[in-house]
Every structure is written in structure tokens, then in C-alpha cells.
1. Suppose we filter 76, 59 for residues that are in contact (Cβ under 8 Å) with a residue 60 or more places away in the chain, crowded, with 24+ Cβ neighbours inside 10 Å, touching a strand residue (DSSP E or B) at 6+ places or on another chain (Cβ under 8 Å) and more than 20 Å from residue 266 (Cβ to Cβ); which single one remains?
2. Considering only helices (runs of 4 or more DSSP H) fully contained in the range 240-351, which possess at least 2 residues that are at pLDDT 95 or above and farther than 28 Å from residue 216 by Cβ?
3. Would you tally the residues in the range 148-192 being touching a strand residue (DSSP E or B) at 6+ places or on another chain (Cβ under 7 Å) and farther than 22 Å from residue 86 by Cα?
4. Hey, does the range 219-237 have a residue that's over 20 Å from residue 105 (Cβ atoms) and either in the same structural domain as residue 338 (by TED's automatic domain parsing) or at pLDDT below 95 (or both)?
5. Looking for whichever is free of Cβ contacts under 8 Å to residues at least 60 places away in the same chain and over 13 Å from residue 178 (Cβ atoms) here; the options are 120, 115, 139. Which one fits?
6. On the given criteria, is residue 52 in contact with a strand residue (DSSP E or B) (Cβ under 6 Å, 6 or more places away or on another chain), closer than 23 Å to residue 288 by Cα, outside the structural domain of residue 160 (by TED's automatic domain parsing) and at pLDDT below 85?
7. Take the conditions over 17 Å from the mean Cα position of the chain (by Cα), in a loop (DSSP other than H, G, I, E, B) and assigned by TED's automatic domain parsing to the domain that holds residue 281 and apply them to residue 84. Does it pass?
């Protein structure tokens, strides 16, 4: 990969990822909070991050970190959580232009990096990617081969992941019809589409709560072993703002540890405060949080959440390489900072 990168040109032209032009950012919904407690005085400024989606329970760890002062205790003056959504600008362009960090997915980041974006993955919330093919119980999609002859709905933000998945598994894309759907799988329940690329800790729970018989095929279970909800930042931040990055990751670790310990409180925070304008169903939100927690845990004692092992990084590189993205682990991941956080703060390791 070339070491030369024109950031202004990159933002002006946009990130061409998966056939979609990722344009320079526009104004997004954000909230700047000063947190619950006084900071350490490190002077890191605002802990700004671009979320991958709307403010649902997928980002509850960040809500905890903000609400209970973990950012300010780490040295930040407050937090800015910038919401995404089906029509929001790309996460990667926001991280390059306005926020310190962002939450994305491996194939999307990989596509940007392959085109020259100076970004790195520095951690991951989910040990298994939450993406799944949803389908109705009357016409289930249980295996990749079941996709043939089907029409699958896919939000534009997830299209690069879908394209990479189909290629990685060696599926014939000409035998699968993909149509754009802006973040809502309800058309599947009316028979307009056969399946939908959604998230097992989000749309699946919502539709089941409405009484629909929903089947799922988790991409991670059928040969696409990605980590999910990855944290990204710029190479410049890694090189020149390492203490700030480690402080950010420490606050996130503390927040997600709280989510694992008290999913009900995480759901309550989402419904009543951070996602209040979304009018989320409290019980469904709680179930979404439980489903997400299962993706965070690796089933081993002494887990260090948000970390990515060398083996997992290699598996992710192999998966996206099969889909056409030729990168090395060093091109895409920088795992030193989060490992240093645990070395310096061993009490963060789960019991």
C-alpha cells in the first residue's frame, strides 16, 4: 500500500466502497455531554465518536461511559456520540474529518483502507459479527445455498459487507437478487422480499416481539468469521495521540463491562435517555441487549473485552481476502493500544 495519502482529495471525492460513493460528511445528530464526574485533568478534549447506526442498544457501552463519567475520569472534558442511520454519511469519512473515533464493520473499513484511507481497527465490541440473513419461518433461509433464487433486502450501509460475504463464500451473485432497503425489514413480512441482511441483536428481536416467526442465518456461523462493531481511528491518532486513544478505549471497556453486568440498566438508559426520540420498546430493547451480550462474550474466563487476538485478526483478513480485499493484518489492525490498556489496568479483565 502506498504511504502517500491526500486527505482533502479523499474527502472531496468520497470513499467509493462496494459500489457506493461515500461522500464528505454533513451535519449529523450528536449530543455533547460533560459526563457525571470531574475528569483527571489530562486535557484530551471531547471524546467524539461516530456511531454506526441510530442510538439503540448497540452502543450502550458508550452510553454508560458517558452517563457515569468514565470519559471524564479518563481525562476527557465530555463526550460526543454522533448517531448514524440509513442516510447518514459514511463512518470512515466522519472519522477522517470530524470525530476522534468511530464504530464500523471490518469489510467496510477494509474497503476504505484498500483505497488509501489512513484508518486502523483498534478494537471490537463483538467477538462474532452480529450480521445475519433474516427470513420468515414459512420460507426459511438456513444455509448459504438457500439464498439462490431469493430476493434479499440490504441497507446501503451494509452493502459492502453483503458483497464481500457473497464473494467470500464463493456464491454465484447472479443467482441472488439484492435490492436496496433503507434499514427496515418489514417488507419481508409482507412477502416483498425473501430475506433481509439485518442484525441478530436488533431487527430480529423487534420483529419477533411483534409476533413474526423469524429465522436467522448468522454470517459468522456459515464461514464468515468476522468480529463486529469495530472501533476505528486514524493512523495519526495512533502515532501522535496514543495516550488519548488508550484513555478512550479504557472508558469504552468500563462501559461495556457495565452492560454485561446490568443489561436491564443498559436498556433503560437507551430507551429513556440516549435513544429517547426513537420511541423504543423497553422489553425489546432489553432482549436486544441480551443478544448483544452473547456476541461480546467469548465463553472463556479472564476475558479482556474489546480486544482482538492475532488469530482472530488473521481469520478476518482471510475472510475479506476471499471476498476480494487483499490486505494484511498490519494494514487493517493496530492492537497495541488496547493491549497496553489491559497491561496497565489488569483490573479491567473480567473475572
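1. Exactly one of 76, 59 is in contact (Cβ under 8 Å) with a residue 60 or more places away in the chain, crowded, with 24+ Cβ neighbours inside 10 Å, touching a strand residue (DSSP E or B) at 6+ places or on another chain (Cβ under 8 Å) and more than 20 Å from residue 266 (Cβ to Cβ), namely 76.
2. In the range 240-351, 242-261, 329-332, 336-344 are the helices (runs of 4 or more DSSP H) which contain 2 or more residues that are at pLDDT 95 or above and farther than 28 Å from residue 216 by Cβ.
3. Total meeting the criteria: 2.
4. yes
5. Matching residue, one of 120, 115, 139: 139.
6. Considered against the rule, which asks whether it is in contact with a strand residue (DSSP E or B) (Cβ under 6 Å, 6 or more places away or on another chain), closer than 23 Å to residue 288 by Cα, outside the structural domain of residue 160 (by TED's automatic domain parsing) and at pLDDT below 85, residue 52 comes out as no.
7. Judged against the criteria, residue 84 is not a match.
Rundown of residues vs (1) part of a loop (DSSP other than H, G, I, E, B); (2) outside the structural domain of residue 279 (by TED's automatic domain parsing); (3) at pLDDT 90 or above, yes/no style:
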residue	(1), (2), (3)
1	yes, yes, no
11	no, no, no
25	yes, no, no
30	yes, no, no
38	yes, no, no
43	yes, no, yes
58	no, no, yes
95	no, no, yes
102	no, no, yes
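The values are calculated or read from the model by the stated rules, or taken from the named source; none is laboratory data. It should be emphasised that the depicted structure is a prediction, and the values quoted were computed from it without experimental measurement. Quick reminder, even Gly has a Cβ in these numbers, built from the backbone with ideal geometry, and neighbours come from all protein chains shown.
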